[in-house]
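Okay, so here's the structure we're looking at.
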Amino acid sequence: LSGLVGLAAPDEDGGAAATARSLPAWTRPLTVDAWRFAAGTTSRAVKQALPGPYTLGRRVVPGRGQGARAADVPDRAALTMAFAAALRAEVLALAEAGCPFVEIEERDAHLIGDDVAERRLFRAAHLARTDGIAGVHLSLAIVGGSADGAGADTILAAPYASLAVDLIDGPDNWRLVRDVPGDRGIVCGALSLRVPSDDGPELLLWAASYAASSNARGRD
C-alpha cells in the first residue's frame, strides 16, 4: 500500500481489511522494483500479477478519516473506479520498466451474476483500467469461481489480449472461453492444487486442445 495514498493498511493480526480513508491515488510504483529483481534472475519472461479493481472495490472497506464527514466517505463505485485509475498508472510504470506481461486477477467476478449495476461497474472499471495501454500483454484472470453468469459482454468488454480462467473452482468458465474471440489468447487453470488430486498431463492436454479449437484460435 506504500504507493497509494488514501488507504490504511490491514491490522497486522489480519483481523480487519484495508480501509479507504479517501479515494486512493497512485503516487509511485508499487511492484516495479520487485518485478525488476525477479526479471534479473532469469532470461525468461517474468509476469507481474495485480489485483483487479472490481475485487479491490469489494474488499477494501470504505472508512472515515479523522474529522471527515459521513458524506466524504467514498462509496464502492467511486472506490472501484479510483482503483482502476491507480492500476492503470501501475501498468504504465511496469510497461516503461520493460515488463512484457501483466495479469489482472479478479477474484470476486463470480459474485456479479445478473446484477445490472454490478455488471456496469465491472465493465466501466476495466475499460478505464486498460485505456491507452500499449506495449505490454494484458491478461484478465477470472479465479475463485465461475463468472459466466455475468455474461461475456461484461467480462470481455475491455480489450485484454488474453483471458485466464480458473477451471477447478469455476468449471463453468468454459462458457466464457467459448465466447472469447479467436484473436485473444486463453490461459487454462486446469490442475487442482489440493491434495489429494489425481490430475495428470492428460487433463492439461485436453484443456489446451479444447481452448485451441474454440473460435479457430489455434494452438499458438
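The values are calculated or read from the model by the stated rules, or taken from the named source; none is laboratory data. Worth saying up front: this structure is predicted, and the values here are computed from it rather than measured. Cβ placement follows ideal geometry from the backbone for every residue including glycine, while neighbour counts extend to all protein chains displayed. Just the protein is used for accessible areas: all its heavy atoms, side chains included, with ligands, DNA and RNA removed. Shrake-Rupley method; radii C 1.70, N 1.55, O 1.52, S 1.80 Å.
For this structure, a couple of remarks:
- For the chain, the residue among Gly132, Ala117, Ile168 whose Cα projects farthest onto the positive side of the dipole built from Cβ charges is Gly132.
- Label-point separation, Leu127 to Phe37 (7 Å along Cα→Cβ), nm: 3.9
- Top of Leu191, Leu23, Leu176 by mean-square fluctuation, Gaussian network on the chain, Cα under 10 Å: Leu191
- Beta bridges by DSSP in the chain, antiparallel share as percent, to the nearest 5: 15
- In this structure the amide hydrogen of Ala49, modeled in the peptide plane, comes within under 5 Å of the amide hydrogens of Glu103, none closer than 5 places in sequence on its chain.
- For the stretch 96-119 versus the stretch 148-220, the gap between their alpha-carbon centres in whole angstrom: 15
- Extension gain for Ser214 to Asp183 (0.36 nm times residue separation, less C-alpha to C-alpha distance): 10.1 nm.
- For the stretch 144-149, the Karplus equation 6.51 cos²θ - 1.76 cosθ + 1.60, evaluated at θ = phi - 60°, returns couplings of x, x, 8, 9, 5, x Hz by residue, with Gly and Pro reported as x.
- Long hydrophobic helices in the chain: the complete DSSP H runs spanning 30 Å or more by Cα along their own axis with mean Kyte-Doolittle hydropathy of at least -0.5 are 76-97.
- Selected from Asp131, Asp114, Asp198 as most flexible by GNM, with the chain as the system and alpha-carbon contacts under 10 Å: Asp198
- The residues of the chain present an accessible area of 53 Å² per residue when probed at 1.4 Å with all protein chains retained.
- Average projected area [Cα convex hull, the chain], square nanometres: 14.1
- Ala77-Asp114 FRET efficiency (beta carbon distance; Förster radius 22 Å; 0.05 resolution): 0.75
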